[in-house]
Each structure stands twice: as C-alpha cells, then as structure tokens.
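Engineer: Mind looking over this structure? Questions follow.
The values are calculated or read from the model by the stated rules, or taken from the named source; none is laboratory data. Predicted model only: the values in this text are computed from it and were never measured. Neighbour counts run over all protein chains shown; Cβ positions are idealised from the backbone, glycine included.
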Amino acid sequence: MIFRYKDLLVDFASRRVMVNNAELQLTSTEYKLLAYISLNAGRVVTPDQLLDKVWGEKYMGAPHLLQVNIARLRKKLGDDAKRPTYILTRPGIGYIMSKAM
C-alpha cells in the first residue's frame, strides 16, 4: 500500500518515505508517527492515540514527547511549523493529514 499527498509518498511495504523524489531518513519513531497519521488521513488523531500507538500506554499523558517528535518529523518533511503542508495541527484536538490524492 502506498500513501501519496502532494510531494509526499509513504510506501508501507518497504517503509520508504519520499518528499520531492528524495528519500528521507526517518527514525523508527518518526516513521511510526507518519505511518499512523497517514493511514488515518482525513481524520484527526488525538495525542493520546499517537502516544498509545507509537510509544505504548506507559507514555499516555506525555504530550511534550509527542510535540518534540512531530516537530522533528515536520522539519525532515520540509514543513513550516507555522503553516504545515502535511501534518496539520487541530489545536486542543490533535493532528490530521489531508486525504491522499
């Protein structure tokens, strides 16, 4: 399965991520975050959902951990945190990625 949105391509079978035809080197955590958000494209995912799916239950209630990793992932994607293209923030709710094109 492949997710495409604008210049972003996530190939789930090979765990490859490309932006503008350049392969990104993501940490395991960054890949898990991106994969979960893109698999749920068009739906808001809450911080608790992401913490549970990526780090496990013991990290529930650790939003700073999530925020730091989202910021690092956005930077690798070439996103501007104030006006992101790929991972959008819904203040007080969570994160969303637009549906694949």
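Engineer: When you scan the stretch 32-46, how many residues do you find that are crowded, with 19+ Cβ neighbours inside 10 Å and touching a Gly at 6+ places or on another chain (Cβ under 6 Å)? I'd like the intermediate steps shown before the answer.
Structural biologist: Step one: list which residues in the stretch 32-46 are crowded, with 19+ Cβ neighbours inside 10 Å, which gives 33-34, 37-38, 45.
Right, trim to touching a Gly at 6+ places or on another chain (Cβ under 6 Å) and you get 45.
Number of matching residues: 1.
Engineer: Right, something else. Consider the stretch 60-69. How many of its residues are surrounded by 16 or more Cβ atoms within 10 Å (Cβ to Cβ) and more than 10 Å from the chain's Cα centre (by Cα)? Show your work before the answer.
Structural biologist: Here is the first cut: in the stretch 60-69, the residues surrounded by 16 or more Cβ atoms within 10 Å (Cβ to Cβ) are 65-66, 69.
Right, trim to more than 10 Å from the chain's Cα centre (by Cα) and you get 65-66.
So the answer is 2.
Engineer: Something else: Mind listing just one residue for me: the one in the stretch 70-101 that is closer than 19 Å to residue 4 by Cβ and among the hydrophobic types (A, V, I, L, M, F, W, C) and, of those, surrounded by the most Cβ atoms within 10 Å (Cβ to Cβ)? Step through it out loud before you land on a result.
Structural biologist: Looking only at the stretch 70-101, we keep the residues that are closer than 19 Å to residue 4 by Cβ, and these are 73-74, 76-79, 84-88, 95-101.
Imposing the further condition that a residue be among the hydrophobic types (A, V, I, L, M, F, W, C) reduces the set to 73, 77, 87-88, 96-97, 100-101.
Numbers: 73: 22, 77: 19, 87: 22, 88: 15, 96: 17, 97: 25, 100: 15, 101: 8.
Filtering first and then ranking leaves 97.
Engineer: Exactly one of (1) farther than 18 Å from residue 89 by Cβ; (2) surrounded by 15 or more Cβ atoms within 10 Å (Cβ to Cβ); (3) at pLDDT 95 or above is unmet by residue 55. Its number?
Structural biologist: Checking residue 55 against (1) farther than 18 Å from residue 89 by Cβ; (2) surrounded by 15 or more Cβ atoms within 10 Å (Cβ to Cβ); (3) at pLDDT 95 or above, the one that fails is (3).
Engineer: Could you list, in sequence order, all residues of the stretch 3-31 that are exposed (fewer than 11 other Cβ atoms within 10 Å of the Cβ) and either among the hydroxyl-bearing types (Ser, Thr, Tyr) or touching a Phe, Trp or Tyr at 6+ places or on another chain (Cβ under 8 Å) (or both)?
Structural biologist: 14, 28
Engineer: What helices (runs of 4 or more DSSP H) lie completely within the stretch 18-101 and have 1 or more residues being of a type in the set (Asp, Glu) and free of Cβ contacts under 8 Å to residues at least 60 places away in the same chain? Spell out how you get there, then give the answer.
Structural biologist: Details: elements: 28-39, 47-50, 63-77.
Helices (runs of 4 or more DSSP H) meeting the threshold: 28-39, 47-50.
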